Amino acid sequence: MKNLSFLLLFLFFLVLGLLGPSMSLCPMDEAISKKINQDFSSLLPAAMKNTVLHCWSVSSRGRLASCPEGTTVTSCSCGSGCGSWDVREDTMCHCQCGSIDWTAARCCTLRVGS
Amino acid sequence: MKNLSFLLLFLFFLVLGLLGPSMSLCPMDEAISKKINQDFSSLLPAAMKNTVLHCWSVSSRGRLASCPEGTTVTSCSCGSGCGSWDVREDTMCHCQCGSIDWTAARCCTLRVGS
Amino acid sequence: MKNLSFLLLFLFFLVLGLLGPSMSLCPMDEAISKKINQDFSSLLPAAMKNTVLHCWSVSSRGRLASCPEGTTVTSCSCGSGCGSWDVREDTMCHCQCGSIDWTAARCCTLRVGS
């Protein structure tokens, strides 16, 4: 009887010992935040390598050319050798010279790779 | 007495059984890394949808036009129909033709949405 | 003997009590997901501040100028005051006017800061 009681007490403290380390993991929050921070620092540059600036040209007859919604005009090109242009309403190229036969807008957007 | 001892032993192993699964969660680090990786893969494309290239024009009289600090020149436009330009010191458009009345710089920056 | 048994029973429930809170942490997955989400929301904008659009010019003699692989053409500039250009095969500027002495491509790429 006495032996059994000692055994049980021994087992009990063994259990407490097993519990101990897992409880010392706290503050869990901090540990996980640290881990998220570390992983983020390596994941982001890797993911950004797949994020590229993608640009293409949209041409139209006349002195106006528009980029599709969700894209940005980075430049315009004009017929008749003209280099004077402005961007209207954020998405429309307007060539200013006298007689313009065509206008092209350079349209860009960010593309997130897989 | 013997019954009680058996009961206690039974309860003891029950506790061990409860402890078992939680201990099998280790290595916790790996599990959390995997989770961070998974969540990151879905969070980044969603967040990048709110990140856009934002461009606007800055015009000045004369043959020079500068973009504000923190932005990038993607193109220049010149008065007098001139299409010959270069970028000086990363942020300044310079139109090269003989008589230039105005110069415009197309200034771009990344904008992280909320 | 009876006392010892009571003591052991008391200790046993004490252990169960200690286990209780740690078990109520589940579902762990959800808690960690929530934490990842929160941390991501603050880490991304901070990291994106270090991500910039970087552009530079590449000049060549003649009517063609190419951007290096991995970059994007946002604009072209031409000699002889010419403002008529197009982009070929995504990376090559082509100036269209009659006599072109030089061509410059404006090449851009995303740069992830440290």
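Quick look at the values:
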{"quantity": "Restricting segment B:75-114 to residues that are among the charged types (D, E, K, R) and more than 29 Å from the chain's Cα centre (by Cα), the residue that is surrounded by the fewest Cβ atoms within 10 Å (Cβ to Cβ)", "calculated": "B:Asp101"}
{"quantity": "So B:Thr72, is it within 10 Å of another protein chain (Cβ to nearest Cβ) and open to solvent by less than 10 Å² (accessible area, probe 1.4 Å)", "calculated": "no"}
{"quantity": "Matching residues, segment C:19-59, being at pLDDT below 70 and surrounded by fewer than 14 Cβ atoms within 10 Å (Cβ to Cβ)", "calculated": "C:Gly20, C:Pro21, C:Met23, C:Ser24, C:Leu25, C:Cys26"}
{"quantity": "Flag for C:Cys93 being touching a Cys at 6+ places or on another chain (Cβ under 7 Å), more than 9 Å from chain A (Cβ to nearest Cβ) and assigned to a strand (DSSP E or B)", "calculated": "yes"}
{"quantity": "Filtered residues of segment C:95-109 (kept if farther than 22 Å from A:Thr71 by Cβ and of a type outside the set (Val, Ile, Thr))", "calculated": "C:Cys95, C:Gln96, C:Cys97, C:Gly98, C:Ser99, C:Asp101, C:Trp102, C:Ala104"}
{"quantity": "Residues located in segment C:26-56, provided they are outside any helix (DSSP H, G or I), under 24 Å from B:Val52 (Cβ atoms) and out of contact with any Gly (no Cβ under 9 Å at 6 or more places or on another chain)", "calculated": "C:Leu53, C:His54, C:Cys55, C:Trp56"}
{"quantity": "Subset of segment B:81-90 (residues that are facing another protein chain (nearest Cβ under 7 Å) and assigned to a strand (DSSP E or B))", "calculated": "B:Trp85, B:Asp86, B:Val87"}
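The values are calculated or read from the model by the stated rules, or taken from the named source; none is laboratory data. Predicted, not measured: the structure shown is a model, and the values here were computed from it. Every residue, glycine as well, gets a Cβ built from its backbone with ideal geometry; the counts of neighbours run over all protein chains shown. The area values use the complete protein model at the heavy-atom level, side chains included, leaving out ligands, DNA and RNA. Shrake-Rupley method; radii C 1.70, N 1.55, O 1.52, S 1.80 Å.
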